[in-house]
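Structure first, commentary second.
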Amino acid sequence: MGEKVWIFDTTLRDGEQSPGFSMNIEEKIRMATQLAKLNVDVIEAGFPIASEGDFEAVKAVAQAVKGPVIAGLARVPKIDIDRAWEAVRHAERPRIHVFVATSDIHLEYKLRKSREEILQQSIEAVRYAKSLCDDIEYSPEDASRSDVAFLIKLIEAVIEAGATTVNIPDTVGYATPQEYGQLIRTLRDKVPNIGRARISVHCHNDLGLAVANSLAGVENGARQVECTINGIGERAGNAALEEVVMALRTRKDYYQHYTDIVTEEIYKTSRLLSHITGIKVQPNKAIVGDNAFAHEAGIHQDGVLKKAITYEIMTPQSIGLPRNRLVLGKHSGRHAFSKRLQELGYELTREEINKAFVRFKNLADKKKEIYDEDLQAIVEEELSTIPETFELDYLQTTTGNHTLPTATVRLRKGELLVQDAAIGDGPVDATYQAIDRITGIPGKLLEYSIRAVTEGKDAIGEVVVKVQFNGEVITGRGTSTDVIEASAKAYLNAVNKVAYRQGRYREAKS
Ligand code: KIV
Ligand code: ZN
């Protein structure tokens, strides 16, 4: 049967720290809850010393999410370790992950320290972390460019000091699979006490080798893989969780080992991340791209129809892709609606179904055929945990090639209705200016994208915006069959996230 390979998900730490992927606390909890359903072994929830927001998010995930180990990252100073412990200590199974750079390049140019100093700092840090928490991971950053003899000595010492996992990062994605596999094998063979710790791999994708390197690590003795959903992460990203897991599963005959991942949750997890961050997966992305299971060529289609194995090495169902596309319409009842949501993987309360059903009926009045993607858009909007401090009540825009674009907007805030108008560079700009005037929370629009959720003239338009408020970038999303309305909703969604946070801050202070 082989041995278990632990899956350490760092979507919320290494993934989140790359530009465009930042998430707020509620989004992190939602993502972490889904990662727990996916049954990952470890969730690295953030880097608590990095900011107040990071600390609060790690703490909130540690308190809310049950099942996986919850890890917090720390550099070697005590203050970092204390902060990480403070954030993860409420978890059912907490872990402190300590790291320090070990390559001569980093020592000379970044840290200006000797190898001996780094060795001593590492031992002290791990010993201190161990006095707080049983489960300690240690990472020598830039390990793949570090001196191997030094690494052997260092790893023996940190295991002696209490590390239970030793992670070997290919921080800059420089290694080749053979070199990296050999490094893992050398550490496994030469570190005398290695049997007391789990070897972990952490590979970046700068040369597109992150997954290949991670698998080479597993072949040579690693039993934990650090990875992210959709392969997001610093620069070119980290090893993609879905690719590592499906490679181990599909080629079990070759790798022999297994993971505990519920692979049927992969598709949903991938889509949830895209939904939260507003960044879509490329269509040809392995496992989770839109085309990953689409057979276009006639010969392929013919083959698959005769016997799927001709061109399919794994089934769409194994990653949780809905089996077929069911079309609903205005005559579809609540039962068909809620059954389809279940098939799409949503477990909703009766109240959530009722609310989503109202949205469904409204949409069905405007759009003849409602596809799975429409349903997902409806439910995702309904599941948004951000209260609508400002709700769009009325919107009218005037535009044309000889007209000054003007927007009149009325927003509901509790019992209050507030209306204003503005002119702008176009109807969307005018709408956003009017919203700014009403809310008093002005934002700077950085990115705007629009796509049709399904095909057809009556398709739902989904707008995703990235808006800067006081230096922080917030993602907003809105859907409607009217693109200006979708634009207004997306912007308001971002504004509501800020309003919610300001409200929470005021509550915490009072
Ligand atoms: O890439 C890296 O070296 C890291 C460490 C902090 C594990 O992310
Ligand atoms: Zn990394």
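Taking amide hydrogens as placed 1.01 Å from N in the peptide plane, the amide H of Gly46 sits under 5 Å from those of Leu73, each at least 5 positions away in sequence or on another chain. With a 1.4 Å probe rolled over the protein heavy atoms of all chains, the accessible area of Tyr432, Tyr394 falls in the order Tyr394, Tyr432, largest first. Proximity of backbone amide H atoms, modeled 1.01 Å from N, is registered between Thr481 and Gly461 at under 5 Å, excluding neighbours fewer than 5 places apart on the same chain. Computed from Cα atoms, the angle from the helix 266-277 axis to the main principal axis of the chain rounds to 70 degrees. Just so you know, the averaged projected area of the alpha carbon convex hull for the range 6-277 sits at 12.5 nm². Residues in the chain average 46 Å² of solvent-accessible surface per residue, probe 1.4 Å, ligands and nucleic acids excluded. With angles folded into 0 to 90 degrees, how steeply does helix 241-250 sit against the dominant principal axis of the chain? Use alpha carbons for both and round to 10. That works out to roughly 70 degrees.
Computed from phi, the 3J(HN,Hα) profile of the range 214-226 under the Karplus parametrisation 6.51, -1.76, 1.60 (θ = phi - 60°) reads 4, 5, 5, x, 4, 4, 10, x, 6, 10, 9, 10, 9 Hz, with x in place of Gly and Pro. Derived from the Cα gyration tensor, the three semi-axes of the equivalent ellipsoid of the range 324-382 are 15, 13, 10 Å, largest first. For the chain, the carbon plus sulfur part of the accessible surface works out to 50%, probe radius 1.4 Å. Phi angles of the range 458-465 translate, via the Karplus equation with coefficients 6.51, -1.76, 1.60 and θ = phi - 60°, into HN-Hα couplings of 9, 4, 6, x, 10, 10, 10, 10 Hz per residue; Gly and Pro are given as x.
Modelled spin labels at Glu455 and Lys110, positioned 7 Å past Cα toward Cβ, are 4.8 nm from each other. For Lys366, neighbours were defined as the other residues whose beta-carbon sits under 13 Å from its Cβ, and their charges (Lys and Arg +1, Asp and Glu -1) total 0. Taking K and R as +1 and D and E as -1, what net charge do the other residues with C-beta under 12 Å from the C-beta of Ala62 add up to? Around Ala62, the surrounding residues sum to +2.
The label-point distance for Gln178 and Asp147, in a model that sets each label 7 Å from Cα toward Cβ, rounds to 2.6 nm.
Using only side-chain charges placed at the Cβ, +1 for Lys and Arg and -1 for Asp and Glu, the dipole size of the chain relative to its Cα centre rounds to 780 debye.
Across the range 90-105, rounded Karplus estimates of 3J(HN,Hα) from the backbone phi angles (6.51 cos²θ - 1.76 cosθ + 1.60, θ = phi - 60°) give 7, 6, 4, 9, x, 9, 9, 10, 9, 9, 7, 6, 10, 6, 4, 4 Hz, Gly and Pro being marked x. Suppose R0 equals 45 Å. What FRET efficiency, 1/(1 + (r/R0)^6) with r the Cβ-Cβ distance, do Val418 and Arg235 give to the nearest 0.05? My answer for the efficiency is 0.55. Summing +1 for each Lys or Arg and -1 for each Asp or Glu among the other residues whose beta-carbon sits under 11 angstrom from that of Glu52 gives 0. Placing +1 on each Lys and Arg Cβ and -1 on each Asp and Glu Cβ, with no other charges, gives the range 232-309 a dipole about its Cα centre of roughly 60 debye.
As a length-normalised measure over Cα pairs under 8 Å and 6 or more apart, the relative contact order of the chain settles at 10 percent. Sorting Glu52, Glu472, Glu381 by solvent-accessible area of protein heavy atoms yields Glu52, Glu472, Glu381, largest first, with a 1.4 Å probe. Pairs exceeding 22 Å between alpha-carbon atoms, taken from Lys59/Lys444; Lys59/Lys413; Lys66/Lys355; Lys28/Lys66: Lys59/Lys444; Lys59/Lys413; Lys66/Lys355. Taken over the range 436-475, the percentage of Cα pairs per 5 Å bin, counting from 0 up to the bin with the maximum distance, is 6, 22, 18, 18, 13, 11, 9, 2.
For the range 411-457, the Stokes-Einstein estimate of translational diffusion at 4 °C and a viscosity of 1.567 mPa s comes to 102 µm²/s, using the Kirkwood hydrodynamic radius over alpha-carbon pairs. Relative to the dominant Cα principal axis of the chain, helix 483-509 is inclined by about 60°.
Compactness of the chain is given as radius of gyration and Dmax, 24.9, 79 Å, from Cα positions. Close amide H partners of Glu447, meaning residues 5 or more places away or on another chain with modelled amide H under 5 Å apart, are Lys466. Adding -39500 (n - 2.57) for every DSSP H run of four residues or longer, then dividing by how many residues the chain holds, sets the calculated 222 nm ellipticity at -13000 deg cm²/dmol. Spread over its residues, the convex hull of the C-alpha atoms of the range 391-509 is 110 Å³ per residue.
The values are calculated or read from the model by the stated rules, or taken from the named source; none is laboratory data. Worth saying up front: this structure is predicted, and the values here are computed from it rather than measured. All Cβ positions, glycine included, derive from the backbone under ideal geometry; neighbour counts span all protein chains shown. For the accessible areas, the whole protein counts, side chains as well, though only heavy atoms, and no ligand, DNA or RNA atoms are used. Shrake-Rupley method; radii C 1.70, N 1.55, O 1.52, S 1.80 Å.
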